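The values are calculated or read from the model by the stated rules, or taken from the named source; none is laboratory data. Small disclaimer: the values here were computed from a predicted structure and weren't measured. For neighbour counting, all protein chains shown are included, and Cβ atoms are generated from backbone atoms with ideal geometry for every residue, glycine included. When the accessible area is computed, the model is the full protein with side chains, heavy atoms only, and any ligands, DNA or RNA have been set aside. Shrake-Rupley method; radii C 1.70, N 1.55, O 1.52, S 1.80 Å.
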Amino acid sequence: MKISFIVNNGPVTINTSPSRRLVDILRIDLGLTGTKEGCGEGSCGSCVVLMNGNLVNSCLIPAFKLPDAEIVTIEGYAQSKEYANLKQALDNAGAFPCGFCSSGIIMAAGNLLAENSSPTEAEIREALSGNICCCGDYDSIIEGIRGVTAKPQSRRYGKTR
Ligand code: FES
């Protein structure tokens, strides 16, 4: 099956099985290894990307759903000023001891901040409820997200799952 879609603002065309998972297409075919695979069944949030402005677990997205879709991975988000502010705040808080979950959590946090530049702790916990940190360092992650300067965020990073 020949599929054309957009990844990080660039056109992509691949030949693949309709059932192939987006996480594999991103990591193996396109070399976008910032998207991680943890559970492989939609439970951990390591593989989160934006699809048409919505957070999705890329391990659950088959290739046949991709034609004309717009995908943003952590590599794409990392080009934004919003990412730089968020990453700095998370670094300042000492978040992500091992880093495996960081791309999924940063995508979810960036999506939250795009809608709400001053989230409460409860709102942050709700927004990250689909993301598991293997190290259990949620307090540092929340501290980091709350440390982001409350500037208007881009609307480009869409809605919630
Ligand atoms: Fe996709 Fe865990 S690898 S949700």
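Pairs, please: C-beta under 6 Å, at least 6 apart or cross-chain, first residue touching a residue at least 24 places away in the same chain (Cβ under 8 Å) and over 13 Å from residue 73 (Cβ atoms) and in the range 26-42, second of a type outside the set (S, T, N, Q) and within 14 Å of the ligand (Cβ to nearest atom)? Final answer for the pair search is 38/44. With respect to residue 99, is the statement that it is out of contact with any Ser or Thr (no Cβ under 6 Å at 6 or more places or on another chain), modelled with pLDDT of 95 or more, on the phi > 0 side of the Ramachandran plot and within 16 Å of the ligand (Cβ to nearest atom) true? Taking the combined requirement at face value, the residue does not satisfy it.
Taken over the range 99-147, the criterion of being touching a residue at least 24 places away in the same chain (Cβ under 8 Å) and more than 17 Å from the chain's Cα centre (by Cα) is satisfied by 117, 118, 119, 121, 135, 137, 140, 143, 146, 147. Checking the structure you have, find out if any residue of the range 147-161 is closer than 28 Å to residue 28 by Cβ, more than 16 Å from the ligand (Cβ to nearest atom) and modelled with pLDDT of 95 or more. Scanning the range 147-161, I find no residue that is closer than 28 Å to residue 28 by Cβ, more than 16 Å from the ligand (Cβ to nearest atom) and modelled with pLDDT of 95 or more, so the answer is no.
Regarding the range 49-63, can at least one residue be identified that is part of a loop (DSSP other than H, G, I, E, B), touching a Gly at 6+ places or on another chain (Cβ under 8 Å) and near the ligand (Cβ under 10 Å from one of its atoms)?
Within the range 49-63, the first condition is being part of a loop (DSSP other than H, G, I, E, B), and the residues that meet it are 52-53, 61.
Going one step further and asking which of them are touching a Gly at 6+ places or on another chain (Cβ under 8 Å), we end up with 52-53.
If we keep only those that are near the ligand (Cβ under 10 Å from one of its atoms) as well, we get none.
No.
Please determine, by comparing only the residues of the range 17-48 that are of a type in the set (Val, Ile, Thr), surrounded by 17 or more Cβ atoms within 10 Å (Cβ to Cβ) and farther than 20 Å from residue 136 by Cα, which one is farthest from the ligand (Cβ to nearest atom).
Step one: of the range 17-48, the residues of a type in the set (Val, Ile, Thr) are 23, 25, 28, 33, 35, 48.
Checking which are surrounded by 17 or more Cβ atoms within 10 Å (Cβ to Cβ) leaves us with 23, 25, 35, 48.
Going one step further and asking which of them are farther than 20 Å from residue 136 by Cα, we end up with 23, 25.
Working: 23: 6, 25: 13 Å.
Top of the filtered list is 25.
The criterion of being open to solvent by 10 Å² or more (accessible area, probe 1.4 Å) and of a type in the set (S, T, N, Q) holds for residue 85. When the range 123-139 is limited to residues that are away from the ligand (no atom under 16 Å from the Cβ) and modelled with pLDDT of 95 or more, the one that is farthest from residue 46 (Cα to Cα) turns out to be 123.
Can you go through 93, 69, 122, 109 and tell me which one is closer than 21 Å to residue 10 by Cβ and aliphatic (A, V, I, L, M)? Break it down into steps so the answer makes sense when it comes.
On the way: 93 fails: closer than 21 Å to residue 10 by Cβ; 122 fails: closer than 21 Å to residue 10 by Cβ; 109 fails: closer than 21 Å to residue 10 by Cβ.
Every option except 69 fails the conditions.
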